[in-house]
Amino acid sequence: CDKNMPGCLIAAARLDRPAVFVYGGTIMPGDHRGQDVDIVSVFEAVGKRAAGEINTLQLEAIEECAIPGAGSCGGMYTANTMASAIEAMGMSLPNSSSQAAIHADKMRDAMDAGAAVNYLLEKGIRPSDILCKEAFENAITMVIALGGSTNAVLHLLAMADAANVPLTIDDFTRLGEKTPVLADLKPSGAHMMANLVHIGGTVPLMRILINEGLLNGDCLTVTGKTLKQNVSRSELKYPAGQDIISSLDEPIKKTSHLVIMRGNVAPEGAVAKISGHEGESFKGKARVFDSEEDAQKAILAGKIVAGDVVVIRYEGPKGGPGMREMLGPTSAIMGRGLGEDVALITDGRFSGGTHGFVVGHITPEAFSGGPIALIKDGDQITIDANKSVVDLDVTPAEMTKRMELWEKPEPRYKRGVLAKYALTVSSASEGAVTDKNLNL
């Protein structure tokens, strides 16, 4: 549900014709014995079943109520993250990102989008008039304030590339140093997107951030007005007593939860999601797997223990190919009760529903001969969010020796679309786009 949104914006940027993005809307939460549940609840229940904490009937009961109807995954996972980012960017109508898929508000949003497109045509306003560097900075700020998905880094880099806007992973660090996390939303928090919808959605938060100087309110939007004008009639606060959006004086986290890391495992960058619940650093022994499936089997079989750092490699843009989400393994770790005791690093991606001590998008990826390809079982790995590094405790001489012995694996696909994709795709730190190095 997340990749169609950057896909739409990439198309809009390339075509540069008047366009409005319409989000399909969030799902309502399921109800399991009075508790809100969603798709991630099912994945984590699989881990609990493997650990013997619940039986098959209890797992099936969660499965049967987790998806009660239409809509995107219900937390601040990648779909809701990207919808909120696109709204802050100015390419969708106000509050389009915070409406339930089944609510009449979403039907009105779709109808209003048609009128907005006509207005854009009349005024000659194109995506290139909206998609400037400041608009992308607004999107990043919104993602951080909402505690959004790591995938936003990859997607926004790709969208910016299509719009010819210079954006790098270092922009996330720069903005993250001054932007707090304010939303207590799943997966790291307690609430569902539907709860945010209930208290007013994203518009009040945008007004608060504009008032604080964290969002640029002068950016043009698809309404033909500025972002500041769009939210000017909104309240400058949320209803009294709500505990979903924290005040700027008492944020959930003073700086970004999305940490761009480097170090000798990821010299070209990686993305960590550090909410603070899991601590700021982790040191443990590597348990290395060359595919998501092999890691998942080991976790469910109880072969991963406290103190392990699960390494999943050859899952990057080229190696996968396609850079799959590691939701299964991370959810299995959480379900087995190891969320605070086991870390996971990968050259693949994560689902927006992933939480725990995780580092993804490691570059260079294993298939390209990155250092992650040289890690062996038992190696000591240190992840330090304060220093923004993920390091392997191996000497440079040993790394050189391992590199000399490393052999590039055969590609998983030698014909067809995925083979062509693997040949042309760029690094995850560049947005994993396929037209950056064509030399045309």
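If I ask for residues that are in a helix (DSSP H, G or I) and within 29 Å of Leu214 (Cβ to Cβ), which ones from the range 52-96 would you list?
Residues of the range 52-96 that are in a helix (DSSP H, G or I), as a first pass: 56-65, 78-89.
Those that are in a helix (DSSP H, G or I) and within 29 Å of Leu214 (Cβ to Cβ): Thr78, Ala79, Asn80, Thr81, Met82, Ala83, Ser84, Ala85, Ile86, Glu87, Ala88, Met89.
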Could you list, in sequence order, the residues of the range 229-252 that are under 28 Å from Leu344 (Cα atoms) and surrounded by fewer than 18 Cβ atoms within 10 Å (Cβ to Cβ)?
Pro251
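When you go through Val40, Val117 one by one, which is the residue that is under 30 Å from Leu167 (Cβ atoms) and not assigned by TED's automatic domain parsing to the domain that holds Met159?
Values: Val117 fails: not assigned by TED's automatic domain parsing to the domain that holds Met159.
Checking each option against the conditions leaves just Val40.
So which of Val342, Val305 ends up being of a type in the set (A, V, I, L, M, F, W, C) and out of contact with any helix residue (DSSP H, G or I) (no Cβ under 9 Å at 6 or more places or on another chain)?
That would be Val305, the only listed residue that is of a type in the set (A, V, I, L, M, F, W, C) and out of contact with any helix residue (DSSP H, G or I) (no Cβ under 9 Å at 6 or more places or on another chain).
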Among the residues of the range 188-199, which ones are part of a loop (DSSP other than H, G, I, E, B) and within 23 Å of the chain's Cα centre (by Cα)?
Ser188, Gly189, Ala190, Met192
I'd like to verify a number: residues in the range 299-312 that are in contact with a strand residue (DSSP E or B) (Cβ under 7 Å, 6 or more places away or on another chain) and either on the phi < 0 side of the Ramachandran plot or of a type in the set (Asp, Glu) (or both), how many?
6
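Do we have any residue at all in the range 291-298 that's of a type outside the set (Gly, Ala, Ser), touching a residue at least 24 places away in the same chain (Cβ under 8 Å) and out of contact with any Pro (no Cβ under 7 Å at 6 or more places or on another chain)? Don't jump to the end; show me each part of the working.
Initially, the range 291-298 is screened for residues of a type outside the set (Gly, Ala, Ser), giving 292-294, 296-297.
With the extra rule that they be touching a residue at least 24 places away in the same chain (Cβ under 8 Å), the set shrinks to 292, 296.
Checking the rest, the ones that are also out of contact with any Pro (no Cβ under 7 Å at 6 or more places or on another chain) come to none.
No, because not a single residue in the range 291-298 is of a type outside the set (Gly, Ala, Ser), touching a residue at least 24 places away in the same chain (Cβ under 8 Å) and out of contact with any Pro (no Cβ under 7 Å at 6 or more places or on another chain).
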Among the residues of the range 236-248, are any charged (D, E, K, R), closer than 22 Å to Glu177 by Cα, assigned to a loop (DSSP other than H, G, I, E, B) and in contact (Cβ under 8 Å) with a residue 24 or more places away in the chain?
no
Looking at (1) at positive phi; (2) touching an Asp or Glu at 6+ places or on another chain (Cβ under 6 Å), which one does Gly322 not meet, given that it meets all the others?
(2)
Given the conditions (1) in contact with a strand residue (DSSP E or B) (Cβ under 6 Å, 6 or more places away or on another chain); (2) in a loop (DSSP other than H, G, I, E, B), and given that Ser256 satisfies all but one, which numbered condition is not satisfied?
(1)
Cβ pairs under 7 Å, 6+ apart, first in the range 21-41 and at positive phi, second assigned to a loop (DSSP other than H, G, I, E, B) and surrounded by 22 or more Cβ atoms within 10 Å (Cβ to Cβ):
Gly25/Gly71; Gly25/Gln99
Among (1) outside any helix (DSSP H, G or I); (2) more than 30 Å from Asp435 (Cβ to Cβ) - the single one Phe21 does not satisfy:
(2)
Pairs only if they're at least six apart or on different chains, beta carbon under 7 angstrom, first in the range 394-407 and in the same structural domain as Ala373 (by TED's automatic domain parsing), second outside any helix (DSSP H, G or I) and surrounded by 12 or more Cβ atoms within 10 Å (Cβ to Cβ); list them, first residue then second.
Val394/Asp379; Trp406/Gly369
Candidate set: the range 415-440, residues that are among the hydroxyl-bearing types (Ser, Thr, Tyr) and part of a helix (DSSP H, G or I); chosen: the one surrounded by the most Cβ atoms within 10 Å (Cβ to Cβ)
Ser429
Answer from Leu175, Leu214 - the residue that is modelled with pLDDT of 95 or more, touching a helix residue (DSSP H, G or I) at 6+ places or on another chain (Cβ under 6 Å), surrounded by fewer than 22 Cβ atoms within 10 Å (Cβ to Cβ) and assigned to a helix (DSSP H, G or I)
Leu175
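Any chance you could count how many residues in the range 381-397 are within 27 Å of the chain's Cα centre (by Cα) and farther than 30 Å from Arg174 by Cα?
Of the residues in the range 381-397, the ones within 27 Å of the chain's Cα centre (by Cα) are 381-392.
If we keep only those that are farther than 30 Å from Arg174 by Cα too, we end up with none.
Qualifying residue count, the range 381-397: 0.
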What are the residue pairs meeting all of these: first residue in the range 53-76, first residue among the acidic types (Asp, Glu), second residue surrounded by 14 or more Cβ atoms within 10 Å (Cβ to Cβ) and not in a helix (DSSP H, G or I), Cβ atoms under 8 Å, and 6 or more apart or on different chains?
Glu53/Gly337
The range 121-137 - residue that is surrounded by 15 or more Cβ atoms within 10 Å (Cβ to Cβ) and in contact with a Gly (Cβ under 7 Å, 6 or more places away or on another chain) and, of those, farthest from Leu214 (Cα to Cα):
Ile125
Restricting attention to the range 385-404, and to residues there that are of a type in the set (D, E, K, R) and outside any helix (DSSP H, G or I), which single residue is surrounded by the fewest Cβ atoms within 10 Å (Cβ to Cβ)?
Asp393
Would you point out the residue of the range 316-329, among those that are modelled with pLDDT of 90 or more and outside any loop (DSSP other than H, G, I, E, B), that is surrounded by the most Cβ atoms within 10 Å (Cβ to Cβ)?
Pro329
Just to verify a result, which residue in the range 329-364, among those that are in contact with a Pro (Cβ under 7 Å, 6 or more places away or on another chain) and of a type outside the set (Ser, Thr, Tyr), is farthest from Gly302 (Cα to Cα)?
Gly353
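The values are calculated or read from the model by the stated rules, or taken from the named source; none is laboratory data. Since we're looking at a predicted model, the values are computed, not measured. Cβ atoms come from the backbone with ideal geometry, glycine included; neighbour counts cover every protein chain shown.
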